[in-house]
Amino acid sequence: MIRVAVDISLYPLDKNFIPPISDFISRLNEHSSLTVITNTMSTQIKGEYDVVMGILNKEMKETFENHAKAVFAIKILNNPISD
């Protein structure tokens, strides 16, 4: 099993940028198979590769469908040192 740690930031290109970010983080937290840690700059997600990537695919798509312009910045590390 491949485990990953993802560092992701959402930048909605809108003056009212907080609600889309809060919504995205809330949706991630609904997935019990993920470890989600949020700070002021980004959100870290840990879990099994296929699960993490499937959830990110679904939740990012929902963000793109509901917001005219948004940017995700993502870093992915395989085999994270600590879980």
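The values are calculated or read from the model by the stated rules, or taken from the named source; none is laboratory data. Just so it is clear, the model here is predicted, and its values are computed rather than measured. Counting neighbours? That spans all protein chains shown, and the Cβs are built from the backbone with ideal geometry, glycine included. Surface accessibility is based on the protein's heavy atoms, side chains included, excluding ligands, DNA and RNA. Shrake-Rupley method; radii C 1.70, N 1.55, O 1.52, S 1.80 Å.
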Scan the strands (runs of 3 or more DSSP E) fully inside region 1-65 and keep the ones with 3 or more residues being open to solvent by 40 Å² or more (accessible area, probe 1.4 Å), modelled with pLDDT of 95 or more and β-branched (Val, Ile, Thr). 35-38
Residue satisfying all of: in region 66-77; part of a loop (DSSP other than H, G, I, E, B) and not aliphatic (A, V, I, L, M); most open to solvent (accessible area, probe 1.4 Å) among these: Lys69
Cβ pairs under 9 Å, 6+ apart, first in region 10-30 and under 22 Å from Lys75 (Cβ atoms) and among the hydroxyl-bearing types (Ser, Thr, Tyr), second open to solvent by less than 90 Å² (accessible area, probe 1.4 Å) and part of a helix (DSSP H, G or I): Tyr11/Ile21
